[in-house]
Amino acid sequence: MSSIGHRVLSSGRMVGDFHAARTRAVGDHLVTHMDRTVPADGQQADLIGGIPADANFSSGGLAAAANGRPYTLRAVLDSGGACFRDFYEYVRRNEMPGNMDPELPESADWTVNRAWARAVAAGQDHLQRQGVRGRDLAEAMWKWKNELEREARKMDGALAFPPRTASREIYLERLYRGDGRPRETVAAEGILPRSANPESTASLVPCDGPGADDWVATSKDPVVAAEFPLATRRYPDAETYVIRDPIGAVDKTGESGSSADERLVVVEDGVPAHKIEGRLIDRTDPGKGIIANPAFRSVEFDPVRPPREDTGRNNIYRGQD
């Protein structure tokens, strides 16, 4: 699966219950109508995220490529072409309580949150049936949920959790940071924001604004990251560090005025030393290998962690901040 090929920090069903209960006082309809789309002919055993695997999903996504034939949930997931609107339209047509006025904003809110829960659960179920487990499952669902959220926030309804919620979770994609300080200093202190640096430093990121002194700028592109310390000409021998599993990372790709391609991710409050996986042998090419940091601690995944009700997400990792 290409679009579901990446991201999980939650159990969709538990997230669904949380979202529905919080959505503009219409969550009381959820339990009553929860199983209205599940047929009584024995298909209950073949559900994906609580939706019959052969349910018609022809309203969006790859419907046009299906030669006019009904596009099922299973086919959408197998093809890697599932999108949030598929789930939104399915829920709107099949699961909206009969006493809810579809023209009211409350209905859009209910639908977008119900569809979010269904989509998260379907992605997780599908990956688990393929045998994906542990960190691979977490990374796959983490990226899948990123896509879902990006699409869902364009819909008329409002998700029940704030947009910045993701920054409070572990960031599971590798990040890179060029740094010219001595290796021993980085190993002891990690990578500190400008506010913790006794020396005067200048911002190289035009999108910096209030609070930026408490950020550490990183990139998803090692080539870009390697250029950070070189731009001042002060650190010609700077190295590129690999950052993994930080908390407080905010993706600002496309927000910077300097370059649309810098793939900027800022890490609030800095990167502790135990979140530095190591440094690149070739500072622009991860394929050449990495010199490991012995103090690095990755995240251990534990699928029984309860939901975090302040975020609307049900994390399944156990890690260090």
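Do we find a residue being of a type outside the set (A, V, I, L, M, F, W, C) and not in a helix (DSSP H, G or I) anywhere in the stretch 158-170?
yes
Which residue out of K275, K252 is in contact with a strand residue (DSSP E or B) (Cβ under 8 Å, 6 or more places away or on another chain) and at pLDDT 95 or above?
That would be K275, the only listed residue that is in contact with a strand residue (DSSP E or B) (Cβ under 8 Å, 6 or more places away or on another chain) and at pLDDT 95 or above.
Of the numbered conditions (1) open to solvent by 10 Å² or more (accessible area, probe 1.4 Å); (2) at pLDDT 90 or above; (3) of a type outside the set (A, V, I, L, M, F, W, C); (4) in contact with a helix residue (DSSP H, G or I) (Cβ under 7 Å, 6 or more places away or on another chain), R194 fails exactly one; give the number of that condition.
Checking R194 against (1) open to solvent by 10 Å² or more (accessible area, probe 1.4 Å); (2) at pLDDT 90 or above; (3) of a type outside the set (A, V, I, L, M, F, W, C); (4) in contact with a helix residue (DSSP H, G or I) (Cβ under 7 Å, 6 or more places away or on another chain), the one that fails is (2).
Name the single residue that is modelled with the highest pLDDT among those in the stretch 278-295 being outside any strand (DSSP E or B) and crowded, with 19+ Cβ neighbours inside 10 Å.
N293
Residues of the stretch 296-319 being farther than 30 Å from N113 by Cα and either under 18 Å from the mean Cα position of the chain (by Cα) or at pLDDT below 95 (or both), which ones?
Correct list: R297, S298.
Suppose the filter is among the hydroxyl-bearing types (S, T, Y), at pLDDT 85 or above and surrounded by 19 or more Cβ atoms within 10 Å (Cβ to Cβ); does Y71 pass it?
So Y71 fails the test.
Given the options D237, D214, name the one that is surrounded by fewer than 19 Cβ atoms within 10 Å (Cβ to Cβ) and modelled with pLDDT under 80.
Of the residues listed, the single one that is surrounded by fewer than 19 Cβ atoms within 10 Å (Cβ to Cβ) and modelled with pLDDT under 80 is D237.
Which one of the conditions (1) more than 30 Å from E300 (Cβ to Cβ); (2) surrounded by 14 or more Cβ atoms within 10 Å (Cβ to Cβ); (3) at pLDDT below 90 does G157 fail to meet, given that it meets all the rest?
(3)
Name the one entry in E151, E106 that is farther than 30 Å from D78 by Cα, at pLDDT 90 or above and either open to solvent by less than 20 Å² (accessible area, probe 1.4 Å) or not in a loop (DSSP other than H, G, I, E, B) (or both).
Going through E151, E106 in turn, just one is farther than 30 Å from D78 by Cα, at pLDDT 90 or above and either open to solvent by less than 20 Å² (accessible area, probe 1.4 Å) or not in a loop (DSSP other than H, G, I, E, B) (or both): E106.
If the requirement is being open to solvent by 20 Å² or more (accessible area, probe 1.4 Å), out of contact with any helix residue (DSSP H, G or I) (no Cβ under 6 Å at 6 or more places or on another chain), in a helix (DSSP H, G or I) and touching a residue at least 24 places away in the same chain (Cβ under 8 Å), which of these qualifies: R118, R135?
Checking each option against the conditions leaves just R135.
Kindly establish whether D156 is charged (D, E, K, R) and over 22 Å from A55 (Cα atoms).
Criteria met by D156.
The values are calculated or read from the model by the stated rules, or taken from the named source; none is laboratory data. All figures in this text were calculated on a predicted structure; none of them were measured in a lab. Heads up, the Cβs are rebuilt from the backbone with ideal geometry, glycines too, and the neighbour counts pull from every protein chain shown. We work out accessible area using only protein heavy atoms, side chains counted, and drop any ligands, DNA or RNA first. Shrake-Rupley method; radii C 1.70, N 1.55, O 1.52, S 1.80 Å.
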